[in-house]
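What follows is a short report on a single structure.
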Amino acid sequence: RVKILNNRAGESGGGVNLWVCWRVNIDDCSFQNNVAGGDGGGLWTQAYVYMNRVLIANNSSGQSGGGLYFRTGAAALNQLTVTSNSAAEEACGGIVFDCRNADGDSSVGLNNSIIYGNTGHQAEVIWSSFDQVTLKYSDIQGGREAIVLDGCEGEDQWGEGNIDANPLFVDPGNGDFNLTIDSPCIDTGDPDSELDADGTRADMGALHYHQRDIAVDPLELIFPPVGIGQLDSLAVIITNDGLTDLTILRIMGCRHWSCFWVREERQEDWQPFVIEPMQSYQLWVFCEPEEGAGFERTFFISSDDPDESEILIEVTGEPNEMGDSEPAIPLFYSLNPPYPNPFNESARFSLHLNQ
């Protein structure tokens, strides 16, 4: 993700000013903490702009469009988060669509986006016929009434799927605009849009909520000394912290001739399995030392988590040379009296062995 941060401009376009451009694509970017003396704290543009998965937060302008100012009628905006931006008193702190220079074939489309928590008006449309501007499947604070219309005419293109609800960011005060698990913006984007990276319906906003999320604990196993020919085991917990089923595609190890193995690895017809949301699976790793075997190994857990499709577990140990000796036989033992005494249904005995 490209980050455009902490810039200042005396006039318009605190973060970026696109003046002499024809068409611009902006994907997977963040405009944060930029300041403009004029319009467009984060971005000012007169180009035809296509934006996808863009965060515009905590920018400010001395005039209007604290987040974005479009001096054109051509923009296709998908999965934007425009929040916590500010402008001059009573001006629009969010997005301004200024269509005074637009030709009749131009259009503005806002889809799968969040415009919330900006000062003044959330959005403003200047001098446009409504058939040029379409807003749909977006979370806009204040709803339809939050869109200021200046010199506009024509038929209203307030599209379907729009909501007015707190998006429930993780920690907006500290700049974390990811969605929490209870956000109303999860899986409420345009059903005809491209799926999110986790394979679920599009979320509103620039930062989608990862609904497949694998957690593995621990990532390093250290076995205590194990005798040659003896067997020990330790557990690894695989948890699905997401909202949708997590598929474990494969569990396998590298570094052959090792004394470590997992039960799944020894099955000839091993098949992927599913861990349901908020559920866990206990994986057992076994240590069975043999002469000449290596005492370190790496296991791979492959899943359909889009962020961590492969997780490594490092396993180490050492042989216990005493494992080859004969079992120790106690030289003597002592059995203490029962407690309590007298007793009714049960009693406790302590046994001491000395070698």
(request) Run through every distinct alpha carbon pair of the stretch 171-262 and return the Kirkwood hydrodynamic radius in angstroms, one decimal place. (result) 17.0 Å
(request) Could you do me a favour and compute the accessible area per residue for the stretch 1-90, 1.4 Å probe, result in Å²? (result) 41 Å²
(request) Please compute the net charge surrounding Trp44, taking Lys and Arg as +1 and Asp and Glu as -1 over other residues with Cβ under 12 Å from its Cβ. (result) -2
(message) Kirkwood Rh and Cα-based Rg: tell me the resulting Rg over Rh for the stretch 1-142, rounded to two decimals.
(response) 0.92
(message) Per-residue counts of other Cβ atoms within 10 Å, averaged by peptide: what ranking do you get for 166-175, 51-60, 244-253, 270-279, highest first?
(response) 51-60, 244-253, 166-175, 270-279
(message) Can you order the peptides 61-69, 282-290 by their average number of other Cβ atoms within 10 Å per residue, highest first?
(response) 61-69, 282-290
(message) Less than 12 Å Cβ to Cβ from Asp203, Lys/Arg counted +1 and Asp/Glu -1: what total charge do the surrounding residues give?
(response) -4
(message) Out of the total accessible area of the stretch 31-121 (probe 1.4 Å, heavy atoms of protein only), what percent is carbon and sulfur?
(response) 39 percent
(message) Just to be sure I understand: if I project the alpha-carbon convex hull of the stretch 163-317 onto a plane and average over all orientations, what area do I get in nm²?
(response) 11.7 nm²
(request) May I ask you to give the average projected area over all directions of the convex hull of the Cα atoms of the stretch 47-93, in nm² rounded to one decimal? (result) 3.3 nm²
(message) Skipping prolines and chain starts, which residues have an amide H placed within reach, meaning under 5 Å, of the one on Val133, given they are 5 or more residues away or on another chain?
(response) Val108
(message) Less than 12 Å Cβ to Cβ from Asp164, Lys/Arg counted +1 and Asp/Glu -1: what total charge do the surrounding residues give?
(response) -1
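The values are calculated or read from the model by the stated rules, or taken from the named source; none is laboratory data. Everything quoted here is computed from the prediction, not taken from an experiment. Cβ: placed from backbone, ideal geometry, glycine included. Neighbour counts: every protein chain shown. These area figures cover heavy atoms from the full protein model, side chains too; ligands, DNA and RNA do not enter into them. Shrake-Rupley method; radii C 1.70, N 1.55, O 1.52, S 1.80 Å.
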